[in-house]
Amino acid sequence: MFHHLPSLRTGLVTALLLLGPTLGHILPRQYDASAPATVEPTSTFSISVSSTPINAPTVTYSSNVTTTAAPSAATASAYSLPTKYYKLVFTKGWVDTNGNPREAILINGQTPGPLIEAEEGQELTIEVVNQLDKPCTLHSHGIFQSFTPWADGVPGVTQYPIDPGATYTYTYTPLQYGQYWYHSHYRGQLDDGLRGPLLIHPSPSRAKPFATLSSDVDELEQMAKAERNPKIVQLSDWSQLTHDEIDADYHQTGIEPLCVDSFLINGRGQRICPPVALMEAVAPPTVIPLTNKGCVFPNSTVIMGPFPNYTAQYPDQANPLTFFGCENTTSPLTVIEVNKKDGYAAINVIHIGGLVEQKIAIDGHKFIVFANDGQYVEPQEVDILIVPVGARFQALVKLDNPGDWTIRTANSMPNQMISAYAVFSYVDKETCSPPANGLPELCGCKTFTSPPTNQPSFDYGGNVLNNATSVNYFTLKPFPAIAPPPQADHTLIWDVGKPIQRVWSLNLDGNPFLAWREQETPAIINPQPFLDANVAVALTYGEVIDVVFRIPAGNPTHPFHKHDAKAFIIGEGPGEFTWSSVAEAQLAVPQFFNLETPALRDTFGTIPAFASPTWLAIRWKVDSSMPVFFHCHISYHLAAGMATAFFEGLERGFPTGPPGTVQQGSTPVYYNNPNNTYPDGASIDA
């Protein structure tokens, strides 16, 4: 089954690129659908739930709430490891990421922040000191928080925001392995630099997929050593404008802020300004003309879709710094150093940006993908990785081609023709200078200001060259094999889109989860207002849930992220989803479904829907008792309401940790939306 899907998706995306652009891609828990419950919270909550779990229940509370959560016997031995402690201090400072310095948010004096790493099952304690002038939080992206939901880092959902000058301590035990990352979940602070890598080393008892690649003992040892000591490659986008400035422009004008100044690799990049004619030569015809920044013009109706929009009506209101202006810079490129004697390098790619999906390739080398979103997969050898915002890939690279090679990235979406470069350099001994001037360490005995080779797998516009192969992450089978639950107990069918200008919604029948809710009493303490406002859904513990996202024409690719447990991507396809359930749809169009070996991820994306509708179906078993945030990872979409909360296991009560945990570092603020209209009078909260 699912055999026709790769060609369907590739062909559909190619066709849509000729029609218009797409925005970002995203993606689901090492997971056993039949596993027993791992969380047994006890609570003094008194809960009365309506007979239909999908509907909003009425919840009443008793005072002096206390909860406990004990680990399962299977993980108890991991708790003998000593706790790993990290202290992260958030400050503001000026950084020169791309030759144009601007103020950013720094973590221990740098952005991206320092690596946090631990063993699978080893308790982590992360102390956050907020020396910013605004609140903040810290979310560990992709980490299961069933035992410690108060450590998930979502303001207004699992905690209060951390006040300026205050401290908040996150303590949790990662019960999984693989590459993750951390970032603020307050407004769009991750766009301004509040982000960094998080690596969980797998337990020695974990089955690894390397034996499917080789039976040679020495080679297997090289692969295991490479996985243990990976080269982490962090992709991001960077604008000369702060997120607050971008968000203010969007709220004022409704013009989608679709362009950036640079792509960065490990916090470094350049402003690259090819001639407009060159960029238009690699762009889809329907997005031409382009600005000198390689960007669509702000009155592009192709980008905005068929609904009325301010971009088309008032292009003169667009901030010129978003769409126009480019001057070349020659900042030093990031260098990834490797040694041929090691046999293999593990390249862990993380997309820590906030706007568009990127693709990445290394001249003269191939990727052997062995994990995706912290889940081992059956290895897949490819030339190009396509990385949605928030997603992670772990891949082996065979070190058999010495020299200095270009690492290249490009936009997967046609809103802007933009690329970035780094260097893959063979050396006998790694040479790295420590972090300085707000940027992370810089490696390399040589300084590179231009790409050293030109053997591209794709051109400046991201168009594939030389018969290069791309990862198909919808066909990455979990290793060992994991089957999803065979059927769902409940199905949610949601229409994604814009209910009004400057607002994005996951469910047009619900309400957008707007940013002011970050200041509400957190849902983990009082979920009822969120249910009453129709921005949350209650799900019963132990049940299997399908969510089908129907994407109407005029929508880009949306990168979605599910907190806590991963989910299976069981289907996707073109056209209208007209059925009442996955089971019914599977009978009609079986070629669009995979219920045998589907991808298992925490980050997933929708098929772009510029000219015609598309849909995506995911499935998971509710095996926690906590408010689980679900949202688009395009930063301005999230700020504009594209999120919801799944109140999983609400009937069991939400654990809130030791007394004062949720409230630490914050002065609670209790108010509703202080300004519920935009300047034109349109309501932003029904």
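Assorted remarks:
- Annotation: the antiparallel percentage among DSSP beta bridges lying fully within segment 208-479 is about 80.
- For segment 601-617, 3J(HN,Hα) computed residue by residue from phi via the Karplus equation (6.51, -1.76, 1.60; θ = phi - 60°) reads 9, 10, 9, 8, x, 8, 5, x, 9, 6, 9, 8, x, 9, 8, 9, 10 Hz, glycine and proline entered as x.
- Segment Ser581..Cys445, full-extension length gain: 43.1 nm, with 0.36 nm per residue of separation and the alpha-carbon distance subtracted.
- Net charge dipole, segment 208-479: roughly 340 debye, given to the nearest 20, about the Cα centre with Cβ charges of +1 for Lys and Arg and -1 for Asp and Glu.
- Total formal charge among the other residues, if their Cβ is under 9 angstrom from that of Asp373, Lys/Arg +1 and Asp/Glu -1: +2
- Here Trp516 and Val89 are evaluated by their C-beta separation; at R0 = 22 Å the FRET efficiency comes out at 0.20.
- Förster radius 25 Å - calculated FRET efficiency between Glu117 and Thr167 (Cβ-Cβ, nearest 0.05): 0.65
- Listed residues Ile232, Gly354, Cys273: farthest to the positive end of the dipole of segment 208-479 (Cβ charges): Ile232
- Full extension of the segment from Thr301 to Glu127, taken as 0.36 nm per residue of separation minus the current Cα-Cα distance, would add 58.0 nm.
- Taking amide H as placed 1.01 Å from N in the peptide plane, the amide H of Asn339 sits under 5 Å from that of Val427, each at least 5 places away or on another chain.
- Residues of segment 357-371 falling in the label zone of Asp400, defined by backbone nitrogen less than 18 Å from a point 7 Å along Cα to beta-carbon, are 362-370.
- Percent of beta bridges antiparallel (DSSP, segment 382-494, rounded to nearest 5): 90 percent
- Residues listed by number, segment 153-191, amide nitrogen under 15 Å from Ser205 label point at 7 Å toward C-beta: 175-177
- Cα centroid of segment 355-425 to Cα centroid of segment 538-574, whole Å: 25 Å
- Positive minus negative residues near Ala345 (Lys, Arg vs Asp, Glu; Cβ under 9 Å): +1
- Charge dipole (debye, nearest 20) of segment 74-158; +1 at Cβ of Lys and Arg, -1 at Cβ of Asp and Glu: 240 debye
- Residues in segment 412-437 reached by a label modelled at Leu278 [backbone nitrogen below 15 Å; 7 Å Cα→Cβ]: 417-421
- Cβ-defined net charge surrounding Ser214, 12 Å radius [Lys, Arg +1; Asp, Glu -1]: -2
- Applying 0.36 nm per residue to the separation of Asn100 and Asn328 and subtracting their alpha-carbon distance, the gain on full extension is 81.1 nm.
- Positive-end residue of Phe629, Leu595, Gly649, charge dipole of segment 583-656 with Cβ unit charges: Phe629
- For His141, the residues 5 or more places off, or on other chains, whose built amide H falls under 5 Å of its own are Trp181, Tyr182, His183.
- Under the criterion of Cα pairs below 8 Å and six or more residues apart, the relative contact order for segment 208-479 equals 22 percent.
- For the set Lys84/Lys341; Lys225/Lys340; Lys477/Lys562; Lys359/Lys621, the pairs lying more than 22 angstrom apart at their alpha carbons are Lys84/Lys341; Lys359/Lys621.
- Vicinal HN-Hα couplings computed from phi for segment 434-439 (Karplus, 6.51 cos²θ - 1.76 cosθ + 1.60; Hz; Gly/Pro x): x, x, 7, 6, x, 10
- Rounded to the nearest whole Hz, the Karplus-based 3J(HN,Hα) values (6.51 cos²θ - 1.76 cosθ + 1.60, θ = phi - 60°) of segment 173-185 follow the sequence 10, x, 9, 8, 9, x, 8, 9, 7, 10, 6, 6, 10, with x at glycine and proline.
- A simple spin-label model places the labels of Ala436 and Asp509 6.0 nm from each other, with each point 7 Å out along Cα-to-Cβ.
Every number in this text was worked out from the coordinates using simple rules, so none of it is lab data. Owing to the predicted nature of the structure, the values given are computational and were not obtained by experimental measurement. Ideal geometry is used to build each Cβ from the backbone, glycine not excepted, and the neighbour counts take in all protein chains shown.
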